Amino acid sequence: MPPRIKVLEALGAIADGRVEVINENEALIRSSDGTRTYKVYVNVSRREIDSTDNGTVYRGYVGYPIISFLMIKKLLPVNERLMQSLRGIPWKKLNEEYKNYAKVMEVIIRDRELNEVDVNKYINQVLSVLRHMGLKRVQKYNETTEE
């Protein structure tokens, strides 16, 4: 399972229009600062996923680009109101500045005046659905996009 903040990053990517669907199983997701583009592969009938983002490749969790694509495909719940609140967040900059996902989440909840209980309830809902999907990583892409 990914760090909780990745659910919010995924929503932010959708809110900012950074998800480009290529076909039923593939998408490209631009990073928040626009310097990287991640390839994403999802085949739900086979329960297969892959992505070139660092979380998926190096840390072995379902990265936010995969979560974004699953949301676009309507396979994970989307909270429209929360999504609009997450527009324009410089995720990479905040993650590098604080080096702590919990702290970044605190800052976003405070700065965007979000209801922490509602945010956590939504994250729990998404992670529960994701957990029950039983997805496994396949080596579809053998490189990361380090531009």
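Summary table
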item: Conditions (1) farther than 21 Å from Met1 by Cα; (2) surrounded by 14 or more Cβ atoms within 10 Å (Cβ to Cβ); number of the one not met by Lys93; result: (2)
item: Extreme residue, surrounded by the most Cβ atoms within 10 Å (Cβ to Cβ), among residues of the stretch 1-57 that are small (Gly, Ala, Ser) and touching a Leu at 6+ places or on another chain (Cβ under 6 Å); result: Gly12
item: Filter result for the condition that a residue is more than 23 Å from Asn95 (Cα to Cα) and of a type in the set (S, T, N, Q), over Ser68, Ser45; result: Ser45
item: Residue count for the stretch 1-35, restricted to those that are among the charged types (D, E, K, R), within 19 Å of Leu86 (Cβ to Cβ), outside any strand (DSSP E or B) and at pLDDT 95 or above; result: 5
item: Single residue of Ile108, Ile67 found to be at pLDDT 95 or above and over 13 Å from the mean Cα position of the chain (by Cα); result: Ile108
item: Output for the stretch 36-45, where each listed residue is in a strand (DSSP E or B) and closer than 12 Å to Pro65 by Cα; result: Thr37, Tyr38, Lys39, Val40, Tyr41, Val42
item: Test set (1) over 17 Å from Pro2 (Cβ atoms); (2) touching a Pro at 6+ places or on another chain (Cβ under 7 Å) - Glu116 fails condition number; result: (2)
item: Residue in the stretch 121-128 that is within 18 Å of Ile29 (Cβ to Cβ), among the aliphatic types (A, V, I, L, M) and under 16 Å from the mean Cα position of the chain (by Cα) present; result: yes
item: Pairs, first farther than 22 Å from Leu127 by Cβ in the stretch 5-23, second assigned to a strand (DSSP E or B), C-beta under 8 Å, six or more apart; result: Glu20/Ala27; Glu20/Leu28; Glu20/Ile29; Glu20/Arg30; Val21/Ala27; Ile22/Leu28
item: Gly88 being touching a residue at least 60 places away in the same chain (Cβ under 8 Å), small (Gly, Ala, Ser) and farther than 20 Å from Gln139 by Cα; result: yes
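The values are calculated or read from the model by the stated rules, or taken from the named source; none is laboratory data. This is a predicted model, so every value here is computed, not measured. Reconstructed Cβ throughout: ideal geometry from the backbone, glycine too, with neighbour counts over all protein chains shown.
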